[in-house]
Amino acid sequence: MKSIFDYIAGIFKGVWSLLKGMTITGKYFIRLDKIVTQKYPENRKKLKMYDRFKGELIMPHDANNFHKCNGCGICEMNCPNGSIEVISDKIITSEGKSKRIIGTHIYHLSMCTFCGLCVKSCPSNALAFSQEFEHAVFDRNKLTKVLNNPGSSLVKDLAE
Amino acid sequence: MEQEQLKEKIVALLPEAEFMTNKQYLDVIVPANKLHAFVTSLKETNDLKFDYLFCLSGVDWPNYFTVVYHITSSEYGHSIVVKVKTDGRENPEVPSLFDIYATAEFHEREVYDLLGVKFTNHPDLRRIFLEDTWVGYPLRKDYKDEINIIER
Amino acid sequence: MGYQKYDLAPLTHSIDQFLYSHLSSTWAFLAEMTLIGVVFLIFYAVIGLYLVLAERKVCAFMQNRIGPNRVGWFGVIQTIADLFKLLLKELITIRKADKLLFNIAPFIVIIASFLGIAAIPFAMGLHAIDFNIGIFYIMAVSSVGVVGILIAGWSSNNKYSLIGAMRSGAQIVSYELSVGLSLLVIVIYSGTLQLSTLVESQADAWWIIKGHIPAILAFFVFVTAGTAETNRGPFDLAEAESELTAGFHTEYSGIKFAFFFLAEYMNMFLVASVAATVFLGGWMPLHIPGMEGFNNAMDFIPPIVWYFGKTAFVIFLMMWIKWTFPRLRIDQLLNLEWKYLLPINLVNIVVVALIVLMGWYIK
Amino acid sequence: MSEEKKVIVELDENPEYIINMGPQHPSTHGVLRFEVSLQGETVKYLIPHCGYIHRGIEKMCESLTYPQIIHLTDRLDYLSAHMNNEAVSLCVEKALDIEVPERVKYIRSILSELNRIASHQLWWCAFGMDLGGLTCFFYGLRDREKILDIFEESCGSRLLHSFVVPGGLMHDVHPNFKQSIRDFIKYFRKLLPEYDTLLTGNVIFQNRTRDLGIMSKETAINYGITGPSGRASGFACDVRKVEPYSAYPYIDFKEILYTEGDTFHRYKARMDEMWESMVILEKLLDKMPDGNDYTAKMKPVIKLPEGEYFQRVETARGELGVYIVSDGNKTPYRLKLRTPNFSNLFVMNKLTAGYKIADLVAISGSLDLVIPDIDR
C-alpha cells in the first residue's frame, strides 16, 4: 500500500517541480522589459566602451601632429609575440649630435594579444589603447598598421 | 610535520636518499632503481601517507633528465618533492608509478611525449599530445624545428 | 445555433458543383483533387514555416532575447529566407550510404505528416475528407513517420544516426499506446470516432469541461505523449544534439534536411490540432450551458479563429515545455511511458467507462 | 556498386561499435575526442584522446621573460584566466622574496572569486545545455555578462585579463570597483535561486544526475581530481585552505565538501561554491584597505635566483601548480604547468563505464573540462 502511495506522491512531486520550472520561463516570456539583447549596428551611436578597454594600440598625436615616442624600442622588446616593430632613424641635430628618432612604428594587430605590456613599459607614455573594437577588414595586410602619423615629430623637439 | 622530522623519517626509509634544501618543500633525490619501493613506502607508511601526487614533471638538464614528483598527504597536509635522475640522455629510463598513483599514468605519458623519458612497466606508453609519427621530443633543449620555432 | 452562420459547406459544395457542371466527371474529380492538393501544400508550407518562426520567437522571449528581427519586419520572412537558403544548398550524397533508402526517407516522413492533416476539420464544413474513423486514421498515418526516421538513420551509414533512429523507434512505438488510449477516453465519452460529429458533440461544452477529471488527465497525457511522438524536447532523444550531434538526420543537407525539419513542426501542428479538436472542441466556440447571451457573443467569432486559437494554445504549451526542461534519458523515457503514462491511462479508461455507464458527466 | 556491398560485409566482422565523440562534438566543449565503445546504448570503455590544440605553452615560456609569460597563462583555462595569471605571479614573487602590498592581495583575491563565479556560471550554462535544457544557457550568460563588465571596467578585457603581473597589478582598479561588485552581489543573490528552480529541483534533472558516475574519495585522490569535482567526493583539496595565498589567510570561509561524489553533488558543489564565493567577496570587500598602491617595487628586468619554485593556486576547476626551474636568467629554464583539467579528464573512463551514452555527456559536463587547459 505504501508503495502505491509513494508512486502517486512521486508523480505529484515531479509534476510540481516541473511546473515550478515552467513558471521561470513563463515569467520571462511575458517580461519583455527583461530582454538583454542589444541590436548591435543600430546602437553603435550609444555604444560606449569602458575607458580602459583594450581595443587596439595607438600612438596619440596632439593637434600639431606631435607624439611622444622617441623610438627607444622598449615596447618591441617587451612584446611577447613580436607584434611591434620599431624602425628608428638617425638624424643629426642642429648641435651636431647624432640622435635617434622614430622612423616607423609598425604594429601587427593580427598578432597582438592585448596583454598591455607595451603600454605599461613605455617610458615616455607614448602608447595607449583605443576604444576601437571593430577590427574586421577584408585584407589581412590592413592589419599591419603604422602608428606614427606621416610628418609627425617628437613633442620634445618643439620645446628645443 | 616539519621538514626536519620528515627528513628523519625518510632517512629511516631510504638511507641513501640525498636531500636538497628548499624553502618550500623537502627535496629528496632517489636513485631510479629504488624509486618504486620508496614511493610505495611513502604512501603506505602510517604517519606519512603521501597519497596525492599533484605534479609530475620532467626537466631536461645538459647531461641527464630529472623527473620530479610533487607528492602531498591529503590527510596530514605535508608535502615532499621526490627527484629521480636518469642515467644520461641517450636512453633515459625511470620506473613507472602508475600502480601507486593512477594519475601518474597520464602525467608519465606526457613526460614521455614531450621529453622522451621512458617509464618502464608503464601499461600504455604512447604519445599523449602529439601524433604517434612525430619525430623528436619537443621540450628537450636540443629540439630543432626550423619552421615552427622562431628563435628570439 | 449561432455558429452555423459561418458554415463553409455551401461554399465547398458550390465549388464542387461548379467543377462537375463544367467538366466531365473524371476531369472534375481530378481537378478537385489537384485543387485540394495545392491548397494543402501551400497551407502546409506556410504553417510549417511560420511554426518555425513562432518557435524561435517563443524560445527567444523565454530566454531574454528578441529572436529573429532582421529579415522583414520583426523577422516575419526569416524562415522563408531560410527555406530559400536550404533550397539552394548542395544535396550531399554520402558515399557507402544506401542511396535509395537515403533519398526516400525524408519523403516518407513528410508524407506521413501530410496525410494526417487531411482529416482535420478546420472549421465548420472545412475539411478535406470526413472519415467515420477520423481519429483512427490520423493515428494510423502519423505513425508511418517512424518508418521514415528508422530508414533515414539506417541508410545514412553513420553510427550516430543509427543510435538516434533506434531510440526514435523505441520511443514512438511505445508512446503510440498512450496517444491512442488518451484519445480513447474522449471516444468513450462521445461514442464516435468521426471528427466532425466529435466536434458537434461539444456544442454545449468542450469535452475537457464536460469530462472533468479523466478528460483533463487524458489531455495532459496526450500532450506529453504527443510531444514525445513528434520527437520534440524534452523527448528529443532521436536528435539529442548534445549527445548524437543531430541524430537521425546528421547526414542530411539542403532540402532533405528541411523536409525533416518541416515534418517535425507539422507533426507538432497535427498533435496540437488533434488535441484541440478532441479535447478543446475544435472549431466549436466556447459555450457555457445556461448562459445564452455569452454563447451568442462567442458565436460571433468565426470557427476558424477558434480552431487556430486553440491549436496555437496547445502548440505554445508544447514549446513552453520544450524550452524549460532538460532532456530525458532513453531508459527514463521508456519508464515514463510504461510505468507512469500507460497505467494512468488504463486506470483512466476504466474510470471513464464507469462514469459513462453511470452518466456522471455533464450532458 | 560491388564496392559498396563489400563494405557491408566488412562491418559485420567488427563486433565493436565504436563511435568517436569529437574532435568536433557539441558536448566535449572543444576539440577533445572520446573514443567510445558501445554495447547498445551502454558505454563499454572510453579512451580520451587529447592534443588537438596543444600549443606548446611550456616550450614557449622557456623563451619568454616572466612578465611575458603571464599572457600565455591566460590561454590555459581561459575561464579562470585571472587565477592562472595569479599563479605565475605568485610563484615569481615567492622566488624573489617580494611581499606585495596588502591591498594588491585583496584585489587579487576579489578578482579570483569573481572569476570563479563567472566560470561556474558558464559551466552551469554548458551543463544545462548538455542535458538538453537550452534555456539555462542564456540565463547563465546573461548574469555572467555583469561580471565581465566589472572585469572590463577594471582590467580592460573581458576574458583574458593579463591583469596580474609579477609584483602586483597591471594598473590600479577602477574607482567604481567596490560598488560595482556590491551591486553585482545584490543582483546575483536574487537570481541564483532561479537557477535552482529551473534546473536543480527539476525531477528530470534529478533523475539524470543522481547516483550517476560515483567517484569515491580514494579514486579522487588517486587520480588527482581537484576542484569542486574532487570536493564533491570528500577530498578536501581546496588550496585556499591547504596552502593559503593572497588574501585568503585573512578571512574565514567554508570549504564546500560533499561525500556522495555523484554527478549531482559535483553540480551541487559548484552551485554552493557560487554562494560561498559571494560571501567571500563581501568579507574581502569589507576588509580591503583603501589607498592606491597597486604594485611592489620591481626591477625592470626580472631575474629569478637559481632554484626551483612551486606555487599552487585554486582555479575554478581545481588545483593549478606552477613549477619554475630557474637558472638565474630572465627566462625560466623549465616551466611546468600542472593544470587541473589534465588530471580530471582521465578519470572519465572509470566513471562512465557501464553507463548510457547520455550519462557520458552528463558526467563529462559535471567534470567541467576546459580543453585548452588539458592540451596547454
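The values are calculated or read from the model by the stated rules, or taken from the named source; none is laboratory data. These figures come from a predicted structure and were not determined experimentally. Note that each Cβ is placed from the backbone with ideal geometry, even for glycine, and that neighbours are counted across all protein chains shown.
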Examine the range C:104-116 for a residue that is more than 30 Å from C:Ser201 (Cα to Cα) and free of Cβ contacts under 8 Å to residues at least 40 places away in the same chain, and state whether such a residue exists. yes
Taking the condition closer than 27 Å to C:Phe107 by Cα, touching a residue at least 60 places away in the same chain (Cβ under 8 Å) and surrounded by fewer than 23 Cβ atoms within 10 Å (Cβ to Cβ), does C:Phe257 pass? yes
Here are the criteria: (1) within 14 Å of chain B (Cβ to nearest Cβ); (2) surrounded by 18 or more Cβ atoms within 10 Å (Cβ to Cβ). Tell me which single one D:Met60 does not satisfy. (2)
Show me the helices (runs of 4 or more DSSP H) entirely contained within the range C:1-97 in which 2 or more residues are among the small types (Gly, Ala, Ser). C:9-22, C:25-62
With respect to C:Thr277, is the statement that it is at pLDDT 80 or above and either surrounded by fewer than 23 Cβ atoms within 10 Å (Cβ to Cβ) or assigned to a helix (DSSP H, G or I) (or both) true? yes
Enumeration of residues in the range D:184-212 that are more than 12 Å from every other protein chain (Cβ to nearest Cβ) and either closer than 30 Å to D:Ala358 by Cβ or free of Cβ contacts under 8 Å to residues at least 12 places away in the same chain (or both): D:Lys186, D:Lys190, D:Leu192, D:Asp211
By my count, helices (runs of 4 or more DSSP H) wholly in the range B:1-120 with at least 2 residues that are of a type in the set (Phe, Trp, Tyr) are B:104-115
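Looking at the range C:22-32 only, could you name the residues that are surrounded by fewer than 11 Cβ atoms within 10 Å (Cβ to Cβ) and either at pLDDT 85 or above or on the phi > 0 side of the Ramachandran plot (or both)?
Filtering the range C:22-32 for residues surrounded by fewer than 11 Cβ atoms within 10 Å (Cβ to Cβ) gives C:22, C:24-26.
Passing the criteria: only C:Thr26.
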Could you list all residues from the range D:70-125 that are outside any helix (DSSP H, G or I) and not acidic (Asp, Glu)? D:Arg75, D:Leu76, D:Ile98, D:Val100, D:Pro101
Within the range A:31-50, identify whether any single residue is among the β-branched types (Val, Ile, Thr), assigned to a strand (DSSP E or B) and free of Cβ contacts under 8 Å to residues at least 40 places away in the same chain, and answer yes or no. no
Can you name every residue in the range D:329-376 that is among the basic types (Lys, Arg), more than 9 Å from every other protein chain (Cβ to nearest Cβ) and touching a helix residue (DSSP H, G or I) at 6+ places or on another chain (Cβ under 7 Å)? none
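Okay, residues lined up against (1) assigned to a helix (DSSP H, G or I); (2) within 13 Å of chain D (Cβ to nearest Cβ); (3) among the basic types (Lys, Arg); (4) free of Cβ contacts under 8 Å to residues at least 40 places away in the same chain:
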residue: C:Val223; (1), (2), (3), (4): yes, no, no, no
residue: C:Asn231; (1), (2), (3), (4): no, yes, no, no
residue: C:Asp236; (1), (2), (3), (4): no, yes, no, no
residue: C:Glu251; (1), (2), (3), (4): no, no, no, no
residue: C:Tyr265; (1), (2), (3), (4): yes, no, no, no
Specify which of the listed residues (A:Lys45, A:Lys20, A:Lys54, A:Lys68) is surrounded by 13 or more Cβ atoms within 10 Å (Cβ to Cβ) and more than 14 Å from chain D (Cβ to nearest Cβ). A:Lys68
Name the residue, out of A:Ser94, A:Ser3, that is modelled with pLDDT of 85 or more, surrounded by fewer than 17 Cβ atoms within 10 Å (Cβ to Cβ) and either part of a strand (DSSP E or B) or among the polar types (S, T, N, Q) (or both). A:Ser3
Picking from D:Leu335, D:Leu351, D:Leu367, which residue would you name as being among the hydrophobic types (A, V, I, L, M, F, W, C), touching a Gly at 6+ places or on another chain (Cβ under 7 Å) and either over 30 Å from D:Ser37 (Cβ atoms) or in contact (Cβ under 8 Å) with a residue 60 or more places away in the chain (or both)? D:Leu351
